[in-house]
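Worksheet: the structure to be examined is printed underneath.
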Amino acid sequence: MQSKKYKEPIRTWCCTQHDEAAKARIKEIAEVLNIKRITAGLLYDRIGGADITAASHFIDGEAHFHDPFMMKDMDKACDKITAAIERGEHITVYGDYDVDGVTSVSVLTAYLKRRGLKNCSYYIPCRLGEGYGLSTGAINKVKQSGTTFMITVDTGITAIEEIAYAESIGIETVVTDHHECRRGENDEIVVPDVPCVNPRQSKCTYPFDELAGVGVVFKLICALEMKRLGVDSDTAAKAVIDEFGELVAIGTVADVMPLVDENRAIVKAGLELMRDPRFVGTRELISLCAGIDFDKKPVKKLSTTLISFTLAPRINAVGRMGSAATAVELFASTDRESAAKRALELSEMNTVRQQEENAILSEALAMIDESDVCDKVIVLDNDKWHHGVIGIVASRITERYGLPSILISFEGNVDGSPKDTDIGKGSGRSVKGLDLVKALDACKEKLVRFGGHELAAGLTIERGELEDFRRAINEHAQEVFEYSEAEQKLYADASVELGELDEELARELYLLEPYGQANPSPQFMIENVKIRELYPLKEGKHVKLTASDGTNTLTALWFGKKYSDFEFALGDSVDLFGTLELNEYMGRTCVQLHIKDIRASKEADDEINDSAGVYKAALHGGAYPADMLPDRDDFAAVYRYLKSVLGQNEEMLKYRLICSHALKKEKMPYIKLRAVLDIMCELALISYAPENNTVCRIGLNKQSNKVDLESSELLAALRRRAAKQQI
């Protein structure tokens, strides 16, 4: 469905350019490190053009960890926690329900139990009933369990009133978090009046503030071990990584933290550990969802893709749709049977989540299409949307339109008829240029609470404030956010020849892993190649093709691209944009490209423009190619195709798409299609308006009587001009 108001951005490709000085340094890196020029260029860009030593260290991935006591309040937090352990107090770890929160809770509770603490429990609020963060109701439940000491993980830094309440009823508290802090009336940072370990707070001298919540927990445990054992930070870090690294890596990647500095070292070590997981829960989840049998053969290599697209969605699903306790229990499992049971629960819940997500997305897109407004921040609400899924749907809407979006659900808060006091929970996603937390802060009078990051945040709002909030956040966006709906840029690391994408390069790219935020998988542009083979995969859900430059060939796959939506055909000249990888299967290794985007090559565009020029001239009396005259079968094929893809309303379609799919066994020439569409419009079979040489708006007209093609004046004129050309 294409919104009539919000245009899906036109993708513009950009490619990194190097001046002569940079090229000389890249050549030096390639020669000294004995790597390809392309790899050296990627390395140069990732280290900001630094020297050979920095490039070598990046490849080696040598881990160096900062002293955790550089973090504000770390010493105080350690002293309080150590004293509580020694007194045998009942300690509750209070966390969030996402992957970062689950891994934070799992790591810290496992550590406290290893320290001999018998009274150790955890509390994760129910997303549906309690929402994000601390609440007095949840604190009362924690108190009733006998808790005298609470440690928050991945949450708590903005819960000033709630933590003051906990302290007032006898729960001593330490906060560990990584989210943005609250700001007071004079824009100063304010935090709870207890030891707070968070690298983002003011007067914190810690040199790296991009740790995940579980990363902050990792630093806390390192500090506790340094005090307990009298060792330095690197020694403590390596020991803690060896024990908990796989979970710290999962939380870091899942929370989309930049994989630089300590995060890079954490994730690299964690992925290595996951080849033979320490936690039986991790082992069983990977075995079930990725089909890896750790008992049969050693695992050669794992990547962040496994975490991002296989593990994280399943861990998140139980927190979104049910209880995150299931995921914590998975990682706390000590036997394979119970772990396998929990892993299956996570996987089944993820299937339910996917179904709910698709249903909400369809409703949200329909609301966008039917709305009369065209805002810079898309704000949608519904009484029945599942709270746990709206954040994912917001991500998909933001990706689709290139605009910030916030979805709000009043699920469970409607008693009879809607009331102004009904509470809605919202989840938002943003794009570069609009800091979502700052935008929400500008509208805080309209909100009950909010929190999060620059690009993702949550909020709570009363129904009666919804329209004022929608207006306020768009007024803020109007002042600070510059957006061009016509363009969405894709950035390639290098423009390469097809022959350069070989197995040696693919293996060298492993040197730059792990990939993720701030160290993305290298993206390449390959220009002017021909499609030599083209196949649908998995019932048309994906596309596979073979590209050729006349000498070299490369297999390319576009996952998630429906074959019916693929606008190119055999023989077309195209440019490819994607990432390179090795596919190793049944003892065979091949290089393949994962397509992120595809466009017509300049040669193909010139051909279309030339054809459009010939057709335009023919409409004004010029010659028309005789072999391009459409026959009855051409009209029937185009009409059948349009009937199969168009809904009730007019829609935008690409000419190339119709050319590629209207005829079953061959591609319809562009100039012939233009004639067919104009004639069908003349005969009132369709409504049709060309936007340019690439796209047009088409709708089907209802017909009660058969139409005589021979009555078309345009068809007759084209025949005369074709005959004239032949004389």
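The values are calculated or read from the model by the stated rules, or taken from the named source; none is laboratory data. Keep in mind that what you see is a predicted model, and the values were worked out from it rather than measured. FYI the Cβ positions are ideal-geometry reconstructions off the backbone, even for glycines, and counts take in every protein chain you see.
If only one of Lys561, Lys544, Lys530 is among the basic types (Lys, Arg) and not in a strand (DSSP E or B), which one is it?
Going through Lys561, Lys544, Lys530 in turn, just one is among the basic types (Lys, Arg) and not in a strand (DSSP E or B): Lys561.
Is it true that some residue in region 132-140 is in the same structural domain as Ala77 (by TED's automatic domain parsing) and in contact (Cβ under 8 Å) with a residue 60 or more places away in the chain?
yes
If Glu243 satisfies all but one of (1) at pLDDT 95 or above; (2) over 25 Å from Val299 (Cα atoms), what's the number of the condition it fails?
Failed condition: (2).
May I ask you to verify whether Ile461 is touching a strand residue (DSSP E or B) at 6+ places or on another chain (Cβ under 6 Å), aliphatic (A, V, I, L, M) and over 21 Å from Gly129 (Cα atoms)?
For Ile461, the condition - touching a strand residue (DSSP E or B) at 6+ places or on another chain (Cβ under 6 Å), aliphatic (A, V, I, L, M) and over 21 Å from Gly129 (Cα atoms) - is not met.
Restricting the first residue to region 1-27 and requiring it to be closer than 18 Å to Ala55 by Cα, which pairs with a second residue that is modelled with pLDDT of 75 or more and in a loop (DSSP other than H, G, I, E, B) meet a Cβ separation below 8 Å and a spacing of at least six or different chains?
Note: pairs meeting the criteria are Ala22/Gly49; Arg25/Gly49; Ile26/His18.
Specify which of the listed residues (Leu509, Leu593, Leu554) is assigned to a helix (DSSP H, G or I), surrounded by 15 or more Cβ atoms within 10 Å (Cβ to Cβ) and either without any contact (Cβ under 8 Å) to a residue 40 or more places away in the chain or within 27 Å of the chain's Cα centre (by Cα) (or both).
Being assigned to a helix (DSSP H, G or I), surrounded by 15 or more Cβ atoms within 10 Å (Cβ to Cβ) and either without any contact (Cβ under 8 Å) to a residue 40 or more places away in the chain or within 27 Å of the chain's Cα centre (by Cα) (or both) holds for just one of Leu509, Leu593, Leu554, which is Leu509.
Quick test for you: out of Ala457, Ala494, pick the one residue that is in contact with a helix residue (DSSP H, G or I) (Cβ under 6 Å, 6 or more places away or on another chain) and touching a residue at least 40 places away in the same chain (Cβ under 8 Å).
Ala494
In region 446-461, which residues are of a type outside the set (Phe, Trp, Tyr) and in a strand (DSSP E or B)?
Arg449, Gly451, Gly452, Ala456, Ala457, Gly458, Leu459, Thr460, Ile461 - these are the residues of region 446-461 that are of a type outside the set (Phe, Trp, Tyr) and in a strand (DSSP E or B).
State which residue is modelled with the lowest pLDDT when the search covers only region 57-94 and only residues that are outside any helix (DSSP H, G or I) and of a type in the set (A, V, I, L, M).
Going through the qualifying residues, I end up with Ala63.
Which pairs have Cβ atoms under 6 Å, sit 6 or more apart or on different chains, and link a residue in region 616-631 that is of a type in the set (A, V, I, L, M, F, W, C) to one that is at pLDDT 95 or above and assigned to a helix (DSSP H, G or I)?
Filtered contacts from region 616-631: Met628/Ile671; Met628/Lys672.
For residues that are at pLDDT below 95 and hydrophobic (A, V, I, L, M, F, W, C), scanning just region 462-505, find the one that is nearest to Lys301 (Cα to Cα).
Residue satisfying both the conditions and the ranking: Leu490.
In the list Tyr97, Tyr122, which residue meets the criterion of being part of a loop (DSSP other than H, G, I, E, B) and crowded, with 21+ Cβ neighbours inside 10 Å?
Tyr97
Taking only pairs six or more apart or across chains, which ones have beta-carbon atoms under 6 Å, a first residue in region 201-221 that is among the aromatic types (Phe, Trp, Tyr), and a second residue that is surrounded by 24 or more Cβ atoms within 10 Å (Cβ to Cβ) and in a loop (DSSP other than H, G, I, E, B)?
Tyr206/Met71
Looking only at region 688-704, which residues are surrounded by fewer than 16 Cβ atoms within 10 Å (Cβ to Cβ) and within 16 Å of Phe635 (Cβ to Cβ)?
Asn701, Gln703
Looking only at region 327-339, which residues are more than 15 Å from Thr109 (Cβ to Cβ) and either surrounded by fewer than 19 Cβ atoms within 10 Å (Cβ to Cβ) or of a type in the set (Val, Ile, Thr) (or both)?
Across region 327-339, the qualifying residues are Asp335, Arg336, Glu337, Ser338.
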